[in-house]
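Presented below is the structure to which this report refers.
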Amino acid sequence: MFLKPYLAGGLLVLSSLISLPLHATAPSSDKEIALQMYTLRNVGDAAAQFKMAHDAGFKNVELVGDHGLTAEKMNAVLKDNQLYVISAHVQLAALDEQYDQTLAFNKAIGNKVIIVPWIKPEDRPDSAAGWKAYALRLDKMGAKLRKDGIQLGYHNHNFEMKKYDGKTALEIIFENTRAENLVMEMDAAWVSRGGQDPDILLKKFPGRVYAIHAKDNAAIGVRDNEMNFAPLGEGLLDWKTILPAAKSSGVKWFIVEHDAPQDPWSIITTSYKNLSKALAATEK
């Protein structure tokens, strides 16, 4: 997902925290599917966004920062909508600069996974050595978070598919981080846009991919006003190959997301239906 507009400025400005999450219950029987709340960023306020997620049938969500809410208010919204947080997107800079606040917020809402979602163009490494240095930075932060009970992950776009000395930036990240310190949240659509094959990467790094962002790529001329993204199963990706590879690789979550939905309700309900059906087919 493309996060720059949404994450600009005070990502985690917290005014109060509580010690125990009010909503913390075991994930529902819908234990594999979640919604990335970035998809609904233009749907009213936070209360309206989480209500839409609930009304569409989702039981699990992935946050973007703190959504401008205190931990107490976030817990109330989650409880009202019977939603369980599986992970949250937080910029690496926010972790560096606001570690204690970020940790406290996520612990207070019961979240145990933080995903680094995006690198600004001006901050991206441009060499194998640069990507190795970035990977070591992730590994160090992952080790720090792990000691505090939080798993760190990394979400890809297309630019990590570029090769440096014969290896993609994503491969360099994997090879220079320890599995216990960093997992991957693979955005299959962006992997494909970067010229790589999602199922090959899943097979190459078994056990390292925590979640799949489940959206599809549309052809040029189709959904041009939505960055050519489509609900899973209505685009160009081969999900009959990707989903079994994900299951075999140990992927735990399949997260519905869309970067630029014109009709968020239609996108998330269609995606939920298609993803549920596709996952059920992998069990046959």
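Consider A71 carefully, then state whether it is small (G, A, S), over 18 Å from the mean Cα position of the chain (by Cα), surrounded by 22 or more Cβ atoms within 10 Å (Cβ to Cβ) and modelled with pLDDT of 95 or more. Walk me through it before giving the result.
Details: small (G, A, S): yes; over 18 Å from the mean Cα position of the chain (by Cα): yes; surrounded by 22 or more Cβ atoms within 10 Å (Cβ to Cβ): yes; modelled with pLDDT of 95 or more: yes.
Yes; evaluated as a whole, the condition is true for this residue.
Across region 183-232, what is the number of residues that are among the basic types (K, R) and within 28 Å of R146 (Cα to Cα)?
Initial filter on region 183-232 (among the basic types (K, R)): 193, 203-204, 208, 215, 223.
Retained after the next criterion (residues that are within 28 Å of R146 (Cα to Cα)): 203-204, 208.
Summing the residues that are among the basic types (K, R) and within 28 Å of R146 (Cα to Cα) in region 183-232 gives 3.
Being of a type in the set (D, E, K, R), closer than 13 Å to D126 by Cα and in contact with a Leu (Cβ under 6 Å, 6 or more places away or on another chain), is that true of even one residue in region 149-168?
yes
Of G207, G235, which residue is farther than 24 Å from H89 by Cα, out of contact with any Leu (no Cβ under 6 Å at 6 or more places or on another chain) and not polar (S, T, N, Q)?
Numbers: G207 fails: farther than 24 Å from H89 by Cα.
Selected residue: G235, the only one of G207, G235 that is farther than 24 Å from H89 by Cα, out of contact with any Leu (no Cβ under 6 Å at 6 or more places or on another chain) and not polar (S, T, N, Q).
Just need a number here: residues in region 178-220 that are of a type in the set (S, T, Y) and assigned to a helix (DSSP H, G or I). Quick ask: steps written out before the conclusion?
Going residue by residue through region 178-220, those that are of a type in the set (S, T, Y) are 192, 210.
The next check asks that each one be assigned to a helix (DSSP H, G or I); those that pass are 192.
Count: 1.
Counting only residues that are in a loop (DSSP other than H, G, I, E, B), in contact (Cβ under 8 Å) with a residue 40 or more places away in the chain and either farther than 16 Å from E257 by Cα or out of contact with any strand residue (DSSP E or B) (no Cβ under 8 Å at 6 or more places or on another chain) (or both), how many does region 156-177 have? I'd like the intermediate steps shown before the answer.
Pass one, region 156-177, residues in a loop (DSSP other than H, G, I, E, B): 156-158, 162, 165-166, 176-177.
From what is left, the residues that are in contact (Cβ under 8 Å) with a residue 40 or more places away in the chain are 157, 176-177.
Of the ones still in play, those that are also either farther than 16 Å from E257 by Cα or out of contact with any strand residue (DSSP E or B) (no Cβ under 8 Å at 6 or more places or on another chain) (or both) are 176-177.
Matching residues across region 156-177 total 2.
When P198 is evaluated against the numbered criteria (1) under 19 Å from the mean Cα position of the chain (by Cα); (2) more than 24 Å from N60 (Cα to Cα), which criterion, by number, is the only one it fails?
Condition not satisfied by P198: (2).
As an exercise: evaluate Y154 against (1) closer than 19 Å to A93 by Cα; (2) surrounded by fewer than 20 Cβ atoms within 10 Å (Cβ to Cβ) and give the number of the one condition it does not meet.
Here Y154 clears every test but (2).
The values are calculated or read from the model by the stated rules, or taken from the named source; none is laboratory data. Please read all numbers here as calculations on a predicted model, not as lab measurements. Ideal geometry is used to build each Cβ from the backbone, glycine not excepted, and the neighbour counts take in all protein chains shown.
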